[in-house]
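Contents: one structure, followed by commentary.
The values are calculated or read from the model by the stated rules, or taken from the named source; none is laboratory data. Predicted model only: the values in this text are computed from it and were never measured. Note: ideal-geometry Cβ built from the backbone for every residue, glycine included; neighbour counts use all protein chains shown.
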Amino acid sequence: MDPVTDSLDEVHRRLAGLRDGEVADYIPELAGADPDDFGIALVSMAGRTYRTGRADTPFTLQSVSKPFVYALALSDHGVDEVLRRVGVEPSGDAFNAISLEPGTGRPANPMVNAGAIATTALVRADGADDRFRRILARLSAFAGRELDVDEAVYASEAATGDRNRALAYLMRSAGSLRADPEETVDTYFRQCAVRVTTADLAVMAATLADGGRNPVTGVRVVSEPDAVRTLAVMATCGMYDGAGRWMLDVGLPAKSGVSGGLIAAGPARFGVAVHSPPLDASGNSVRGVAALRAMAERFGLHIM
Ligand code: DON
């Protein structure tokens, strides 16, 4: 066994018994997740994967899709145009809050739902099908394999996602969303329902850490400046209103999702991912946050 896998195993062993947090149930299909699912994976810049626990169990991306679609919007339009449409300031509010700039209706940042919905609408395409096709292709390139959609989770969110629809209509009425609200939210729900494993997520995080080049496949997925910008927004906004404490404890750009996925990137060093469904009050995976804290202590991960 190598020392990295030994350390991951040890962190996993130490935290597997942690019983805090609640599995998200506002998307009914997510409520059936096994609270004992717990996987950790790390991918080095040499493209080597280290893993422990249930790193091959599938789950949906949810908000972890947001930075990757933001990177795609940046590559389609450039940073100035994207900034005109979606801000980059932490909102200090919950992920599903109405975080819109007074007057313009511009969402606070691309990591809260409003900003992510506006970002999805920015992806260049010939209609909604083509837009989702491009998003899925880009997410797949980040992961280094062809991903697919968990149709049950998609249908479950589409049936219950009225708050996100309301956010889209608010932005539409303020003039900050210049696309069809229903179509945009539908694409956003599909992007959230893309199925991955913890091992996939670690490759996706490592691709951002490697300046936009997938270290496993060698494919350039986004430009280096766009990868760096994406990491910057993850650093300030990725952990919602837990972002400040996260920087203090872990010190890495990161993104969480309500299915219990969590990624963090050590620029030019590694990508790491944890999956464990029980969430804290901010919507971040309890074991995910604890595992990254433990690794930050062990390896000295802080970049700031
Ligand atoms: O829009 C939603 O509510 C979900 N599809 C994603 C939210 C999410 O993952 C927030 N992260 N912690």
> Which members of segment 236-258 meet the condition of being surrounded by fewer than 21 Cβ atoms within 10 Å (Cβ to Cβ) and closer than 17 Å to Val82 by Cβ?
Replying inline: Thr236
> (1) over 24 Å from Asp148 (Cβ atoms); (2) within 16 Å of the ligand (Cβ to nearest atom): which one isn't true of Arg85, the others all being true?
Replying inline: (2)
>> For segment 1-36, which positions are within 17 Å of Ala55 (Cα to Cα), among the charged types (D, E, K, R) and part of a helix (DSSP H, G or I)?
In response: Asp6, Asp9, Glu10, Arg13, Arg14
>> Go through segment 162-180 and report how many residues are of a type outside the set (A, V, I, L, M), under 25 Å from Leu30 (Cβ atoms) and without any contact (Cβ under 8 Å) to a residue 60 or more places away in the chain.
In response: 3
> How do the helices (runs of 4 or more DSSP H) wholly within segment 62-144 filter down when requiring 1 or more residues that are among the basic types (Lys, Arg) and over 16 Å from the mean Cα position of the chain (by Cα): which remain?
Replying inline: 79-85, 128-143
> Only one of (1) over 23 Å from Ala143 (Cα atoms); (2) without any contact (Cβ under 8 Å) to a residue 40 or more places away in the chain; (3) in a helix (DSSP H, G or I) is not met by Ala281, so which one is it?
Replying inline: (3)
>> Whether any residue in segment 271-278 is surrounded by fewer than 24 Cβ atoms within 10 Å (Cβ to Cβ) and either in a helix (DSSP H, G or I) or at pLDDT 95 or above (or both) is what I want to check.
In response: yes
> From the set of residues in segment 201-243 that are closer than 15 Å to Asn284 by Cβ and free of Cβ contacts under 8 Å to residues at least 60 places away in the same chain, which is farthest from the chain's Cα centre (by Cα)?
Replying inline: Gly242
>> With the requirement that a residue be more than 15 Å from the ligand (Cβ to nearest atom) and either touching a strand residue (DSSP E or B) at 6+ places or on another chain (Cβ under 7 Å) or among the small types (Gly, Ala, Ser) (or both), what does segment 188-200 give you?
In response: Thr198, Ala199
> Given the residues Val203, Val185, Val221, which is the only one that is surrounded by 24 or more Cβ atoms within 10 Å (Cβ to Cβ) and touching a strand residue (DSSP E or B) at 6+ places or on another chain (Cβ under 6 Å)?
Replying inline: Val203
>> Anything in segment 257-270 that is in a loop (DSSP other than H, G, I, E, B), away from the ligand (no atom under 12 Å from the Cβ) and hydrophobic (A, V, I, L, M, F, W, C)? List them, or say none.
In response: Ala268
>> Quick check on segment 90-98. Is at least one of its residues in contact with a strand residue (DSSP E or B) (Cβ under 7 Å, 6 or more places away or on another chain), touching a residue at least 24 places away in the same chain (Cβ under 8 Å), under 20 Å from Val233 (Cβ atoms) and within 16 Å of the ligand (Cβ to nearest atom)?
In response: no
> Within segment 37-85, which residues are in contact with a Pro (Cβ under 9 Å, 6 or more places away or on another chain) and surrounded by fewer than 21 Cβ atoms within 10 Å (Cβ to Cβ)?
Replying inline: Asp37, Ser44, Met45, Ala46, Gly47, Arg48, Val79
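Here's the yes/no breakdown for (1) under 19 Å from Asp56 (Cα atoms); (2) more than 11 Å from the ligand (Cβ to nearest atom):
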| position | (1), (2) |
| --- | --- |
| Met234 | no, yes |
| Cys237 | no, yes |
| Ala243 | no, yes |
| Lys255 | no, no |
| Pro278 | yes, yes |
| Ser282 | no, no |
| Gly288 | yes, no |
| Ala294 | no, yes |
> So Ser75 clears everything in (1) within 16 Å of the ligand (Cβ to nearest atom); (2) modelled with pLDDT of 95 or more; (3) of a type outside the set (Asp, Glu) except one condition, right? Which one?
Replying inline: (1)
